[in-house]
Amino acid sequence: MIKHLLKIIWAQRKTNVWLFAELLIVVCAVWWMTDQLYVDLRTYYSPMGYDISNTWRFHLDLFAPDADGYVPEEAPADGADLVKLQRQIKQHPAVEDVCLSFYSAPYTFGNSWRGIEPVGGDTTAKEQSFQCRFVSPEYFDLFRVTDIRGNAIAPQLEGRHNPVVVSENMALRFFHTGGVAGRQIRDTGQEGESMTIAAVSTPYRDNSYVRSEAFFYQLITPLNIRDFFGGSAVRYAELCVRMKQPFSQEEMNELLHEMGDRLAVNNLHVYSANSIEYYRDIQVSGTVNEQSRKLSLMLFLLVNVLFGITGAFWLRGQSRRSETGLRAALGADKRSIRNGMYLEGLLILFLSLPLTLAFAFNVLYLDVLDTYRLPYSAGRFFITYGASYLLMAGMICAGVWLPVRKAGRMAPAEALHYE
Amino acid sequence: MLQHYLKQALQMLKENPLVNTISILGTALSIAMILTLVLVFQINNAGYAPESHRSRMLYVYGTEVSCPNNTNRGQMSAEVVRECFYTLQTPEAVSARVRTERPVSLPGKRLFTEYTILYTDTGFWRIFDFRFIKGGPFTGADFESGIPRAVITDEAARRLTGSVDAVGRRIVFENITYVICGVAGQVSKAARHASADIWAPYTSKAGLMEQDASYENMTGRFGVVMLAANRSDFDSIKAELEKQTNAYNTAKQDCKVGFMNNPVTQLDIATGSGAFRKASLKDYLANTGSVVLFLLLIPAINLVGVVLSSVKKRRSEIGLRKAFGATRAVIVRQILAENMVFTGIGALMGLGLSFLLLYLSRSFMLDGEVALTAGMLFKPGLFAAVLFFAFLLNLLSAGLPALHITRLQIVEALNDTNK
């Protein structure tokens, strides 16, 4: 059967060569895009390291001297107003928790890096640079960040001097071991204060489409709060709030209205709030748009394969009407004629296998695929390559369907008539 | 002659309705996808109200202030605007602006819904052509004295005050009470330089004129738009700006202000340049070109197969015409022209389909949910693109079959024996 079909394909090579060329290009393009989407998907579904459901960011500002509501102050309070505001908001019955951070809340574009070196006789670690997030102790419970054993982090901070929390991947990269609680680090190049590692947190990803990077948290405490939020810098504080239940933007605006005076301390006041999910959508919109563009292009290619196959097999069916009729007259059942056409289409597709494999191996050899987010593995190859061929096979079967129906409907006598 | 081609093409359509429908649909889809890209570029580049003069505009959004110990990349201060830009003689108009998102309230009623506010100057109203429904822009006197007057869109007016008849009503934002002086028709977000919900003189908010002494009063929140009388003035404007900047820097002690790759033109922005990044036109053309090529090539391969089989059927007809002295050029022209009827029908459908595709894909092809207006869609360039790509697709799909068939020997063709 297959041999016979191969003969037919060869006999019609002049029209098949176009079909074949199209399938070749489309398989390669579809595989390329499937691989990118697969990596996106795998990354998307790996753990984030935190939970932002029901969390909101309250925006802060100071009343200017020319504004209605300005309170003359002798000197701007050094963080005291902010802590008071945090307490006032937390007292509201709808609020579960409130934390402070400095360019470090999830989905803000904060990107502060510091060179770190070990303190004491630790010779396994060498000076390296890591991203640093500045957060208050409530941050961990609020965003459901735990240590690598799944325990709460806040209790482990108590009693530590100048505590920091390092991510697991930073512990591994810096100390080459995960159990580093109690060790000390400090900023490089300065005989600065040493910081004590209080806990090791789980990996944390900036957004759904990136890999987790090594970083550490430095805690905002009553001792250093004025370094971050002294004077007018207080308006850059990120005040993140976890609500006890879900709120829509309108409901949140209502709630802010209801909170009234609770939202101001002297000149410091909350002027609006957005959910952290709102910031997430802004941050991932570029990737999501790119995905949609890729999917549209893929859909376009597949539809074209469908058109191409339908057209080619329809024309072929017409020119081979007499052959089909003859076969039917000699007793071939409709089913075998039908299967023959499907098989012929699929065979042309699978003839492209050696060439597309050559393309795939070249691509892999040149290492142009995304191996940073997901290392290349046999599984990834078989899934993406298999999926591309399955998609194509589906398109071919759909394309052959209409011509097959037409051929199957013809009565043998009528078909023979063309002879 | 044209009538003859049309008749012939219609006859072919009748003869093989399915295959020809598929080829017309394939053409339509291909042209529609390409036109969607053309439309996106057009929306990003061509002028329409209120940004009708985009081709004569220059933008300065990125500012770099370098001091001996520190470099700040951001935007400029009101002082830089005054000293380096308001002093320019060559441009027809210069406008500085600060964009922000803030809640807008009514006197005595605090609200939390955010609106986009653009703080600007009177040059803004000379550069952009707004359509006012009620009232008009704030005046030069308002700007000079920092009088809090604001222009608002009809939609925002309706949401805040319940009616578009809002001139004279009061609104509050950033704790300052503004009187509405004009209500403007809705502006699409695609007009990204002009669009906002509310426009107010920046002199009304003292905070915007705050100076940061650590950068010698050069850093701030302002960006600048300039309107040249003529495109040919761009170079002299750049030269004059450099002269002013140098003079300004000389009067300072240690810091220097510069604008990196700015000013940029609208074409630079449409091809991917940003405030801090100069994209090369070559890269843009290579990227877009390869996508367009793909969108043309795959349908063309499909069509080649179809056209090839239909010309083959007419082999004896073509042999006859050659026998009576038709030259190759005449026959190639005939096949191209006949096929152009199909391509033309497909292209027209594609034009219609492209508007639908653009509408469906606007969230990921344009910057978010922008309103589409007739003014930004119907441009001569779009129709030129339809013609160009239709001809190209026709040439790609029918050119090869036409050449192939005319190469046949007259005798062979007449005999219809060549297999």
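Let's see how each residue does on (1) away from every other protein chain (no Cβ under 14 Å); (2) within 29 Å of residue B:384 (Cα to Cα); (3) outside any helix (DSSP H, G or I); (4) not acidic (Asp, Glu):
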{"site": "B:35", "(1), (2), (3), (4)": "no, yes, no, yes"}
{"site": "B:38", "(1), (2), (3), (4)": "yes, yes, no, yes"}
{"site": "B:42", "(1), (2), (3), (4)": "yes, yes, no, yes"}
{"site": "B:58", "(1), (2), (3), (4)": "yes, yes, yes, yes"}
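The set of residues from the range A:263-305 being closer than 22 Å to residue A:106 by Cβ, at the interface with chain B (Cβ under 10 Å from one of its Cβ atoms) and of a type in the set (Ser, Thr, Tyr) comprises A:271, A:272, A:285. When the range A:318-365 is filtered for residues that are under 14 Å from residue A:403 (Cβ atoms) and outside any helix (DSSP H, G or I), only A:320 remains. Might you check whether a residue that is assigned to a loop (DSSP other than H, G, I, E, B), among the charged types (D, E, K, R), over 18 Å from residue B:87 (Cα atoms) and without any contact (Cβ under 8 Å) to a residue 24 or more places away in the chain occurs anywhere in the range B:197-206? Scanning the range B:197-206, I find no residue that is assigned to a loop (DSSP other than H, G, I, E, B), among the charged types (D, E, K, R), over 18 Å from residue B:87 (Cα atoms) and without any contact (Cβ under 8 Å) to a residue 24 or more places away in the chain, so the answer is no.
Looking only at the range A:238-262, filter to residues that are surrounded by 19 or more Cβ atoms within 10 Å (Cβ to Cβ) and away from every other protein chain (no Cβ under 11 Å); which one of those is farthest from residue B:211 (Cα to Cα)? Result: A:243. Among the residues of the range A:58-89, those that are touching a helix residue (DSSP H, G or I) at 6+ places or on another chain (Cβ under 6 Å) and part of a strand (DSSP E or B) comprise A:60, A:61, A:62. The single residue among A:235, A:226 that is under 24 Å from residue A:62 (Cβ atoms), more than 14 Å from chain B (Cβ to nearest Cβ) and not acidic (Asp, Glu) turns out to be A:226. Need the failing condition index for residue A:71 against (1) hydrophobic (A, V, I, L, M, F, W, C); (2) away from chain B (no Cβ under 14 Å); (3) surrounded by fewer than 16 Cβ atoms within 10 Å (Cβ to Cβ), just the number. Condition (2) is where residue A:71 drops out. When you check residue A:136 against the structure, is it surrounded by 18 or more Cβ atoms within 10 Å (Cβ to Cβ), of a type outside the set (D, E, K, R), in the same structural domain as residue A:209 (by TED's automatic domain parsing) and closer than 15 Å to residue A:221 by Cβ, yes or no? The answer is yes for residue A:136. What number of residues within the range B:101-126 are within 12 Å of chain A (Cβ to nearest Cβ), outside any strand (DSSP E or B) and either within 23 Å of the chain's Cα centre (by Cα) or surrounded by fewer than 20 Cβ atoms within 10 Å (Cβ to Cβ) (or both)? Result for the range B:101-126: 5.
Somewhere in the range B:301-319, is a residue buried (at least 19 other Cβ atoms within 10 Å of the Cβ), assigned to a helix (DSSP H, G or I) and more than 14 Å from chain A (Cβ to nearest Cβ)? Yes, that holds for at least one residue.
Filter the range A:97-155 down to the residues that are more than 28 Å from the chain's Cα centre (by Cα) and either among the hydrophobic types (A, V, I, L, M, F, W, C) or not in a loop (DSSP other than H, G, I, E, B) (or both) and list them by number. Correct list: A:115, A:116, A:117, A:118, A:119, A:125, A:154, A:155. Take residue A:322 and tell me if it is more than 19 Å from the chain's Cα centre (by Cα) and surrounded by fewer than 17 Cβ atoms within 10 Å (Cβ to Cβ). So residue A:322 fits the description; yes.
Does residue B:174 fit the bill of being crowded, with 16+ Cβ neighbours inside 10 Å, over 20 Å from residue B:94 (Cβ atoms) and in contact with a Gly (Cβ under 8 Å, 6 or more places away or on another chain)? Spelling it out, residue B:174 is indeed crowded, with 16+ Cβ neighbours inside 10 Å, over 20 Å from residue B:94 (Cβ atoms) and in contact with a Gly (Cβ under 8 Å, 6 or more places away or on another chain).
Of all the listed residues (B:214, B:204), the sole one being within 14 Å of chain A (Cβ to nearest Cβ) and under 21 Å from residue B:93 (Cβ atoms) is B:204.
In the range B:244-259 there is at least one residue that is in contact (Cβ under 8 Å) with a residue 60 or more places away in the chain, part of a loop (DSSP other than H, G, I, E, B), surrounded by 14 or more Cβ atoms within 10 Å (Cβ to Cβ) and of a type outside the set (D, E, K, R). Taking the conditions (1) in contact (Cβ under 8 Å) with a residue 60 or more places away in the chain; (2) surrounded by fewer than 15 Cβ atoms within 10 Å (Cβ to Cβ); (3) of a type in the set (Ser, Thr, Tyr) in turn, residue B:373 satisfies each one other than (2). The conditions of being buried (at least 22 other Cβ atoms within 10 Å of the Cβ) and in contact with a strand residue (DSSP E or B) (Cβ under 7 Å, 6 or more places away or on another chain) are met by residue B:95. Check the range B:1-15 and report whether any residue there is of a type in the set (S, T, N, Q) and within 14 Å of chain A (Cβ to nearest Cβ). No, the range B:1-15 contains no residue that is of a type in the set (S, T, N, Q) and within 14 Å of chain A (Cβ to nearest Cβ).
For residue A:34, the requirement of being under 28 Å from residue A:288 (Cα atoms) and out of contact with any Asp or Glu (no Cβ under 8 Å at 6 or more places or on another chain) is met. Of the residues that make up the range A:307-321, is at least one away from chain B (no Cβ under 14 Å) and aliphatic (A, V, I, L, M)? No, the range A:307-321 contains no residue that is away from chain B (no Cβ under 14 Å) and aliphatic (A, V, I, L, M).
Within the range B:144-171, being within 14 Å of chain A (Cβ to nearest Cβ) and surrounded by fewer than 18 Cβ atoms within 10 Å (Cβ to Cβ) holds for B:145, B:146, B:147, B:159, B:170.
The values are calculated or read from the model by the stated rules, or taken from the named source; none is laboratory data. Just so we're clear, the structure is a prediction, and the values are computed from it rather than from any experiment. Neighbour counts are summed over all protein chains in view; Cβ atoms, including those assigned to glycine, are modelled from backbone coordinates with ideal geometry.
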